[in-house]
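The values are calculated or read from the model by the stated rules, or taken from the named source; none is laboratory data. Since we're looking at a predicted model, the values are computed, not measured. Positions of Cβ are backbone-derived with ideal geometry, glycine not excepted, and every protein chain shown enters the neighbour counts. Surface accessibility is based on the protein's heavy atoms, side chains included, excluding ligands, DNA and RNA. Shrake-Rupley method; radii C 1.70, N 1.55, O 1.52, S 1.80 Å.
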Amino acid sequence: MQELGVSTNTNYKITFMLDSAAMITVHTPRRGLIDVKPLGVIWGKFSEYYSKKNTIMFDDIGRNFLMNPQNGLKIRPFMKAHLNRDKDKELLKLTQYLKEIAKLDDFLELNHKHWERYLSKKQGQ
């Protein structure tokens, strides 16, 4: 987020960001010990604002939202920022997706894995 200028750009309206320091370690039968991002912490601390129904997490590592798979959207990795900054359009497309789903009261029925298909369908209407 720092490389993208999110933390210093006043055009972004970010409530908060959780980085790797907020991750917790869990044991899974398939993968053993792994670190995951616990959305439940956000929902517990800010339950009047955030819940499973209105939270989406972007990450290029799918296992990071293993505890809350319905709320995770796996994005393509942002590689070599200094070379690809002008070519990467993923966040611009995601902006359109967020604008569409912001109209919904509940994200639980969405399959974020198919966000591009959902966006194409909505833009085609």
Can you list the trypsin sites (Lys or Arg not before Pro) in the range 93-125 that are in a DSSP coil and have 11 or fewer other beta carbons within 10 angstrom? 103
Roughly to the nearest percent, how much of the accessible area of the chain is carbon and sulfur, given a 1.4 Å probe? 52 percent
Sort 55, 95 by accessible area with a 1.4 Å probe, largest first. 95, 55
Explain nothing, just the number: relative contact order of the chain, from Cα pairs under 8 Å at least 6 residues apart, as a whole percent. 18 percent
Got a sec to turn the phi values of the range 100-116 into Karplus ³J(HN,Hα) couplings, 6.51 cos²θ - 1.76 cosθ + 1.60 with θ = phi - 60°, whole Hz, x for Gly and Pro? 5, 6, 4, 6, 8, 7, 8, 8, 4, 8, 7, 10, 5, 4, 10, 4, 5
How large is the accessible surface per residue of the range 2-124, computed with a 1.4 Å probe and reported in Å² as a whole number? 73 Å²
Rounded to the nearest whole number, the per residue volume of the convex hull around the C-alpha atoms of the range 1-74 in Å³ is 113 Å³
For the chain, I need the span (max minus min coordinate) of the C-alpha atoms along each principal axis, in Å, sorted largest to smallest. 40, 37, 31
From the phi angles alone, apply the Karplus equation (6.51, -1.76, 1.60; θ = phi - 60°) to the range 38-49 and give each ³J(HN,Hα) in whole Hz, x where the residue is Gly or Pro. x, 4, x, 5, 5, 5, x, 7, 10, 4, 6, 10
For residue 50 and residue 23, extending 7 Å from Cα along the Cα-Cβ vector and measuring point to point gives, in nm, a value of 1.7 nm
Only Lys, Arg (+1) and Asp, Glu (-1) charged, at Cβ; the chain dipole about Cα centre in debye: 360 debye
Give me the net charge of residue 41's neighbourhood, meaning all other residues with Cβ under 14 Å from the Cβ of residue 41; Lys, Arg count +1, Asp, Glu -1. +1
